[in-house]
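These notes concern the structure reproduced below.
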Amino acid sequence: MSIRNHWDTESVTYDSFVVKGFSIKKEREAWQTLFLDALKSKNLRLLDVGCGPGIVSMQLADLGYSMTAVDFSEKMLAAAVKNAADNNLKIDFHHGDAENLPFEDEFFEGVVSDYMLWTVPHPEKVISEWFRVLKPGCRIAYVDGNWVSDPKMTRLKVCLSNLGVFLDSPSRCFHGKCEVSADLQTLWSVNASRPADDIKMMEKAGFTDICVRHNIQDSVLHGIRHLAYGSTNDHFMITAVKPHTS
């Protein structure tokens with residue numbers, strides 16, 4: 001199964017998960033605070049790469065950012081368009097490949113991404129594209145996780161997490177959550193040391209001022225949703241700057 005087909009298949013359950021998260025005021029505002037702190041400025045023209053059902057684009061459009069969003073999965077993109085319309089949010093959606101973005105050089109004043117990089121075949125190409133479309137002096141902020149080798153993934157915590165998923169969203173429990181299924185076993189992230197390998201790729205692409213914030217789930221997820229989705233893995237945010245050329 002291709003990555004596109006994987007996310008097309010997951011689109012319904014993942015969409016319900018993010019729609020619920022956006023509807024929870026405390027969770028939505030926590031994510032908004034996280035990205036505001038990372039981007040440092042408001043009223044920017046931002047690109048959301050691998051937008052999925054549109055959760056980050058909606059969170060930031062709600063704050064007044066000018067949002068453009070791109071995704072490889074047509075079904076995820078259709079969900080994102082509907083979610084933005086349902087919430088009266090203006091977002092410019094595009095179908096496209098994160099490894100070959102359909103935008104001109106140095107066009108955006110910020111780039112964001114959310115739980116996407118771990119699924120791509122060639123992460124270094126994605127990071128290079130982030131660098132290309134970003135204006136000098138502007139920032140990238142992306143969120144991902146260590147889904148394979150995190151020491152917090154004990155048998156007990158995984159069982160409790162699965163219980164939390166069932167209580168939060170029974171249909172998602174039956175589909176699984178953030179599991180490395182057979183069709184994803186060949187991905188780079190399965191054997192990666194994260195976020196250490198991310199930092200190396202960011203440096204190679206030319207980014208500077210690279211910072212990592214670990215365990216962000218502890219500030220954005222609460223109650224049952226933290227038990228379900230935040231108790232077994234390190235969710236990290238990496239921020240960096242595209243430097244001005246001399």
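The values are calculated or read from the model by the stated rules, or taken from the named source; none is laboratory data. As the structure is a computational prediction, the values presented were derived from the model and not from experiment. Glycine gets a Cβ as well: all are built from the backbone with ideal geometry, and neighbour counts include every protein chain shown. Just the protein is used for accessible areas: all its heavy atoms, side chains included, with ligands, DNA and RNA removed. Shrake-Rupley method; radii C 1.70, N 1.55, O 1.52, S 1.80 Å.
Among all residue pairs at least 6 apart or on different chains, which show Cβ distances below 7 Å where the first residue, located in region 67-96, is within 23 Å of Phe108 (Cα to Cα) and the second is of a type in the set (Lys, Arg) and surrounded by fewer than 20 Cβ atoms within 10 Å (Cβ to Cβ)?
Pairs found: Phe72/Arg4; Ser73/Arg4.
Of a type in the set (A, V, I, L, M), under 27 Å from His244 (Cβ atoms) and touching a Lys or Arg at 6+ places or on another chain (Cβ under 6 Å): is that true of Leu134 in this structure?
Against the criterion (of a type in the set (A, V, I, L, M), under 27 Å from His244 (Cβ atoms) and touching a Lys or Arg at 6+ places or on another chain (Cβ under 6 Å)), Leu134 qualifies.
So how many residues does region 36-95 have that are closer than 24 Å to Val212 by Cα, of a type in the set (Lys, Arg) and assigned to a loop (DSSP other than H, G, I, E, B)?
Looking only at that region, the number is 2.
What are the residues in region 213-232 that are in a loop (DSSP other than H, G, I, E, B) and surrounded by fewer than 21 Cβ atoms within 10 Å (Cβ to Cβ), if any?
His214, Asn215, Ile216, His222, Ser231
With respect to Asp97, determine if the residue is on the phi < 0 side of the Ramachandran plot, among the charged types (D, E, K, R) and out of contact with any Ser or Thr (no Cβ under 7 Å at 6 or more places or on another chain).
It is true that Asp97 is on the phi < 0 side of the Ramachandran plot, among the charged types (D, E, K, R) and out of contact with any Ser or Thr (no Cβ under 7 Å at 6 or more places or on another chain).
Name the residues in region 114-168 that are crowded, with 22+ Cβ neighbours inside 10 Å and basic (Lys, Arg), would you?
Correct list: Arg139 only.
With respect to the numbered conditions (1) in contact with a strand residue (DSSP E or B) (Cβ under 9 Å, 6 or more places away or on another chain); (2) open to solvent by 50 Å² or more (accessible area, probe 1.4 Å); (3) part of a loop (DSSP other than H, G, I, E, B), which one is the sole condition not fulfilled by Arg194?
For Arg194, the exception is condition (2).
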